[in-house]
Amino acid sequence: MNTKGGKKTVKKAVKGKVKSNGAGTDLSAKGDLATRVNAKTDKKRKRPKENSIVDNSATVSASEEIDFPRGGSIVQKPIKDEQDEMQESTESPKKKRKHSNTSKHAKQASKDEINRAMRPVEILTFNKLTVGTCLLGQIQQIDDIELTVSLPNQLIGYVPITQISSAISRAVETAANADSDDEMSDESNSPLPDLRNLFAVGQWVRCAVLGKEGGNNDNVKDKRKKRRVELSLNPEIVNNGIVVDDLVKGMILSAVVDSVEDHGYILSFGFNGVNGFLHDKDAKNYILERNNNQRLIVGQLLTVSVLKVNDDRRTVKVTINPKIISSSLISDAVSNIASLTPGNLVDVLITEIHANGLIGKIMGFFDGIINWFHVGEKFVTGLKDLESKFKPNMKIRARVIYTMFSNTEKKIGLSAADHVKSLGLSKLNDTATSVKPMTDAFPIGAIFEKVVVKRVDSKSGLVVEIENLAIAGYVQKSQISDEPIASRPANSGKFNIDSTHRARVVGYSMVDGLLQLSLRESVLKQSFLRHEDIQVGQVVKGTVRNLIPSGVIVSLAENITALAPTLHLSDVKLTHPELKFKPQDTVKCRVLVTNPSDKRVLVTLKKALVNSNFPIITSLADAKEGLITHAVITGMNRAGCFVTFYNSFSTFVPVAECSETFVNDVSEKFSIGQTIKCRVMSVDQEKKLLKITQGKVVSKKSNTLILSLQPSQSRAVLHQSHLSDHIGSHAQQLFDSIKVGDDLHDIVVIGTNKTKNAVYVSKKPMLVRACKEGKLPEKLEDVNIGDFVVGYVKLVTDFKVVVRFLGDFEGVAMRHTIADQYIATPIGLFHPFQTVIGRITGIDTERGKLELTLKPSETPISSIPYISEDDFIKSYFAEIPQPSFAKFIQIGRKVKAKVIQITEDAWNVEMKNSVNGIVRKEQTGGAVVNIGDVVDAIVLDVDGTENTVYLSTRTELLESADNDKENRTKLYKNLKSLAKDGIPIDAIVELVKEDYVILSLPDHSYQLTFAPLKSYNQRSKPLFRVKPLLKIQTKVIHVPKPKKKSLDRGISLIHSTPSDSTAKNENSLLTLKDFKEGQKVMGTVTGVEKYGVFINIDNSKVAGLCHISKISDDFVKDVSKLFSVGQKLKTCILNIDREKEKIFFGLKQSYFEDEENADIEDTVGEILDSNTSKPDNGLCLELDSDTEMFPSQSVPMAIEDDPKISSVFTNEDITPLPLSDSWNWINVDDGNRQSNINSDNDSLSDATDDDGSPKKKKKKKKNLIEAKDITEDISKRKPESNADFERLLLGSPNSSYMWINYMAHQLNLSEIDKAREIAERALKTINYREEQEKMNVWTAFMNLENTFGTEETFEQVFKRALQSCDPKQTYFVRAEIYEQSEKSELAEQTYKTMLKKFSQSSKVWTRAGLFYMLQGKLETARDLLQRSLKSLPKHKHVKTISKFAQIEFKHGEPERGRTIFEGVMTTYPKRIDLWSIYIDMEIKVGDKAAVRRLFQRVTSIKFSSKKMKFMFKKWLMFEKTHGTEDDVEEVKNKAKDYVEGLGSLKQDE
């Protein structure tokens, strides 16, 4: 069958079909043997026709419908064959009588031989395939969204991209959604998985049949459909049915990479409860040989061999080493036949030998069949051949190639072919040293001049020998001759044994090791069999098939059609083309366009083009100056006309070049579709393509502009993010300012989408400049290692950043090459469409991609010659919209301002023309003003987005404001000289904005300057940290020319970058001789490796290693999770080798115990180490029936007075420990913290145990006292620096309590991004077993994003938390965060989602009811009770009703709560716990009479003495608190009466 498969259409089958279901049934073996037995008397048999097939093998057709029951019992032949046999036997009665007189021995022998032939080995056919059949296949072709798989017995199957693994299916769905949501699909950050990177031609795979199309099983209407077998590779389907207990060493399985770990991979087999582990060493050979030396990725499909099964049978150790897999043999028998899946190598005991195969036993239990295709011999001519090579009871080794299990039959197909057993490729030549796929060695259409017939299957086809090849060829019956072939066997004919013929390759069967050939003359004469064989410009003959509105369909070959578009039907316009072109007419045409991947061919019928002798132009490379050729006019406008050549290559002809005479309107002289002769005037060989262009906006969508490019009129898409090199609001502001009809200049073409017929363009200034300079690469040949390149971010994942340049040319920066310090993930640091500068560190020629580094230290702006250092800040200000008052408000000028409002942090002022301004507190200079005062102020900055002016009233700035023209000119010259020499100067920070800082130069008349806080490769956090009025050093890099009034930045002035103001003189730095062993020093981490960290001692030239064994007293698994480059820490010098000039450090806390003047952080570390109990890392309370169910307020983390920061870490169920300003380490103790919180609960808990544990409490108290003594001098101190927290985290890496406080510390410093990084570190560091600790961090992380992030970032964190934590608990956290931040709509939506997802949870219903009750939606809350009872299990009804009653008491109507409780108590009067809750609710309402009535009712019911004691005690406590002495006495009397009643009852008994 044909192997070519399209991506989106049903694949075409080979020209010759495999016959089935009787119509193609081969002559039965029984008939053949009967013929041989009576050969002597059958003299009147007619000779066959010339083209009849001689059948000497008695082979059963590949399409014969025969069942193969288990046990090898005889199978009844099809009825048609039996009738044929009867006709033969009655043809000559005399001969039959003569035969009947033969000896009994001969008769019995003939009977046995006939019976053996009547039970042939079954051949798998298309019609016998059933859904669920598992097969072993070989990948034959790889397309974008589909795999073509060769199956046994010349079958072909197709695997869609969504049937490989669940992870790939999710990626496809994401890409599809991105494509539908965003028209600029090529720029989507969710690319389609590349199957060519995951699979290879010739790779063996295990697959299962999902469905079939075509064949005799379909309806009559669908019989014309091409046969198609739909397959799945997903292990969930392929491994279905395997019994876990049958997993043994040597078994072959399909698996998918589930996750990538430090030392290997976690694999999924598709059945619950069992995972596989693949160690790196077991994957090394496969990665090197089969995976382009690239690490495996999540979702990648693997064929694995079991190495070991753990005793609990939950973890299986596997290998993917190709050599081990090819030789793996199942070590033990399986208990279930379904566990014997394709791909497994087994030993087979031959039990029967037949003319077309073998039957044998597997593991002594199961029957397997080996048809003649797979017996391991090149040619099998018949029974004698097999009997000469195989004997009964012989043991051979074979591989399972298919299994068909149903209720009626169970079939196992085997192969003993060498290439199948070795899981390799068929050896094409006996002398070949290397093996390559037959698809590469013999392309479709290849012709063999001589093939020899070696076997005849009269109803199926021929087996032929190909000269000098080790593989055979197979000619299906439909491909033997163009003339009808007789279906009966004969002794002679054109295609008899040893006859020779010419043959042509029409397909492949890689699993069978066969070339599919055709002997038909019509096929041999065809010019091409594939779309790939058709060349643009080729003149061909075709046959008109039919006419359609868009043109004429022309048949070029048996399975190849082309379209002649309407414009190309004739040199003149045809009004009635149906009169000229009729079906079956032969036409001469010329190929215009070919697209083999889409199987699309366009031809022209224009005689001017068909008969043209001029050279053709298919691309710019074919165009030469002065070349004369033919073209077709496809468009016109006032400026000229558009002409199209071959292969859709087009250009524009200006109106001046259209004619030698003046042409006013080209439409008067030319027409669309006209064939013209033209000359090439000039060719731009440097640009190769029209990359820089201009266009007009024709429409505007939500985030894209649709352009019409000039002059080609091509449709182009411009995404709003491609309008600017800056991210955020810049692009949106530019997008909003563009209107339909605007002309956009300097646009660079960055890609195309042929399916949408669209061009994608960018207006990013950096990309445009790079393109103009010829520095925007398009292919590997354009770059070298070490080059600096400009591109834009296409995709950001957890491990890498993908950077795109022109077209599909990309580069990849892995996680360790994108920042100068350690980062957990690039997500959040880089953003899609962000402009970046990269340096090429490697070139992957196989995958056609670059390896990049994006580290700011390695990619300075100065490395790009066509970009100046001030471009970033200049373009930033240039893109900010100018406010209306900018023309009379100038930066650096003095203005009058009236104070209209005074706040704690600033003055709000008003200037002329009602312009508003702000004077921040630090810029007031300490002046005291009143509302209405008019003050002098200096303009610091103008914010166009906020329409606000930032001012300063500081005296030094006001005094320097009145510079005349001469002073300004002198100042300009001085600053220009400083910029040229690069001399650092002092500066004072005046104003800090998000992306830039405003400075003044005190030594230069307090001139205002601007310095960027961000760069192209560092957008998420500032380049340096400053605060107002801080004095720093800067370096001037650009000085604009002075304007008439002042140095104006046009909104920008002088651009500065901070330089190191703390640099020391090289001679003053300490050296190795200045240190000694045991000395404690401060240092900076300069490198982090697996074996330790490198530390540089501050203010010195000395650096050394702290080995991983010297980092902590506890075991350290991953150093990178504890340290990052640039981190400050205190270390101890352990050893100094002065001869080799090496120094070694230690960070263990035990090294600092003897230090006399230890820092606080070291003392704290000792305290933590001395504590046997680990600090609790967050609190989770489970409330019982008597506990107050819904606390009115969660406990905030009050680290500082800032409410915005403290509100980040709050949760009802997971409450971090409150921190007071006095840092008391004793409060970290678990027991103390729990008791403090539990003391707030005023309700009775059934779980309360009066009997304490004196010994434990005494010991705990002793430990607390000792801790207090040790830390007496620091009990009022708390960690104040990053180093303090890092030191503490070394001792308690799993403490969420410590991590959360570290995050809060960063938030107090306004380091939001740093807080995010700490959260990411915490999630990666905390052990996976510490589920509650991780939940605490996730809660803090979500609170952080809710307060400081966006809805998108919050949603991202929430989705990640769902994957790591309990989903219900995570949803509760989300709902409460929304409630506390007063986002009621989002909270309500969350509860609605929870009610659907967790409808079986009573807690979800009650929490939702409480929410609606607090929102004032009483009826909605009450409706939930009825809804909950319909969804919840019955055993949860009482609890739910009780809690809804409590909600009514507290937040609704107490009377309704009483009604609910009364209904419950009527049904469950013996539930003492419910009575207790009911009473507690009434006590809180304050109705004493109602409470007493309830006590009286309860005590009148007969309970156990223990329960009665509890209730009397509760009543007594109530009366002592709320009643009188008489009431107390009354309760005591009732209790006495009850006790006396019990006593009398005992006496009676």
Legend entry - Scaled radius of gyration (Cα, divided by 2.2 N^0.38 Å) that segment 1309-1456 gives: 1.18
Legend entry - Interchain or long-range residues, amide H under 5 Å from Leu1134's placed H: Gly1078, Phe1144, Phe1145, Gly1146
Legend entry - Qualifying trypsin sites (Lys or Arg not before Pro) in segment 1481-1544, DSSP loop, other Cβ atoms within 10 Å at most 13: Lys1502
Legend entry - Area accessible to solvent at Asp533, 1.4 Å probe radius, in Å²: 50
Legend entry - Per residue solvent-accessible surface (Å²) - segment 1408-1457, probe of 1.4 Å: 49
Legend entry - Only Lys, Arg (+1) and Asp, Glu (-1) charged, at Cβ; segment 1376-1422 dipole about Cα centre in debye: 280
Inset, instruction - Run the quick spin-label model on Lys1513 and Ile628: label points 7 Å from Cα toward the beta carbon, then report their separation in nm to one decimal. - result: 11.7
Inset, instruction - Could you state how much accessible area Met1342 has, in square angstrom rounded to the nearest 10, with a 1.4 Å probe and all protein chains kept in place? - result: 0
Inset, instruction - Hand me the trypsin sites (Lys or Arg not before Pro) from segment 716-774 located in a DSSP loop with no more than 11 other Cβ atoms within 10 Å, in residue order please. - result: Lys739, Lys754
Inset, instruction - Only residues of segment 596-622 count here: report those whose backbone N is under 17 Å from the spot 7 Å along Cα→Cβ of Lys580, or say none. - result: 603-612
Inset, instruction - For segment 256-396, just say rounded, prolate or oblate: build the C-alpha gyration tensor, square-root its eigenvalues into a ≥ b ≥ c, call rounded for a/c under 1.5, and beyond that prolate if a/b exceeds b/c, oblate if not. - result: prolate
Inset, instruction - Can you list which of the trypsin sites (Lys or Arg not before Pro) found in segment 259-338 are DSSP loop residues with at most 14 other C-beta atoms within 10 Å? - result: Arg295, Arg313, Arg314
Inset, instruction - Order His816, His354, most accessible first, counting only protein heavy atoms with a 1.4 angstrom probe. - result: His816, His354
Inset, instruction - Would you please classify the overall shape of segment 540-695 from the alpha carbon gyration tensor, given that a ≥ b ≥ c denote the square roots of the eigenvalues, rounded means a/c under 1.5, and beyond that prolate means a/b larger than b/c while oblate covers the rest? - result: prolate
Legend entry - Heavy atoms of His263: accessible area, 1.4 Å probe, square angstrom to 10: 120
Legend entry - Lys1417-Lys389 pseudo-label distance in nm [points 7 Å out on the Cα-to-Cβ vector]: 7.7
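Among Glu1141, Glu657, what's the order by accessible area (1.4 angstrom probe), most exposed first?
Glu1141, Glu657
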Inset, instruction - At 7 Å along the Cα-to-beta-carbon direction for both Ser671 and Ser527, put a label point, then send me their distance in nm to one decimal. - result: 3.0
Inset, instruction - Keeping the other protein chains in place, figure out the carbon and sulfur percent of the accessible area of segment 1316-1362, with a 1.4 Å probe. - result: 49
Inset, instruction - Compute the length gained on full extension between Gln1079 and Ser422: take 0.36 nm times their separation in residues and subtract their Cα-Cα distance, giving the result in nm to one decimal. - result: 230.1 nm
Legend entry - Accessible surface ranking that places the most exposed of His630, His722 first, with a 1.4 angstrom probe: His630, His722
Legend entry - Portion, in percent, of the accessible area of segment 251-358 that falls on carbon or sulfur, probe 1.4 Å: 45
Inset, instruction - Enter the accessible area per residue of segment 542-665 (Å², integer; probe 1.4 Å; all protein chains in place). - result: 53
Legend entry - Signed unit charges on C-beta, dipole axis of segment 496-565, positive-most listed residue Gly513, Asn546, Ser527: Asn546
Legend entry - For segment 1502-1517, 3J(HN,Hα) per residue [Karplus equation, 6.51 cos²θ - 1.76 cosθ + 1.60, θ = phi - 60°, Hz, x = Gly/Pro]: 7, 10, 5, 4, 5, 5, 5, 4, 4, 5, 4, 5, 5, 5, 4, 4
Legend entry - Whole-number accessible area per residue in Å² for segment 950-1017, which is evaluated in the context of all protein chains at 1.4 Å: 43
Inset, instruction - Could you work out how far the C-alpha centroid of segment 367-428 sits from that of segment 1123-1140, in angstrom? - result: 67
Inset, instruction - Give the shape of segment 1343-1424 as rounded, prolate or oblate, defined through the alpha-carbon gyration tensor: a ≥ b ≥ c are the square roots of its eigenvalues, a/c under 1.5 means rounded, and otherwise the shape is prolate if a/b is larger than b/c and oblate if not. - result: oblate
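The values are calculated or read from the model by the stated rules, or taken from the named source; none is laboratory data. Worth saying up front: this structure is predicted, and the values here are computed from it rather than measured. Glycine gets a Cβ as well: all are built from the backbone with ideal geometry, and neighbour counts include every protein chain shown. Ligands, DNA and RNA are excluded from the accessible area calculation, which covers all protein heavy atoms including side chains. Shrake-Rupley method; radii C 1.70, N 1.55, O 1.52, S 1.80 Å.
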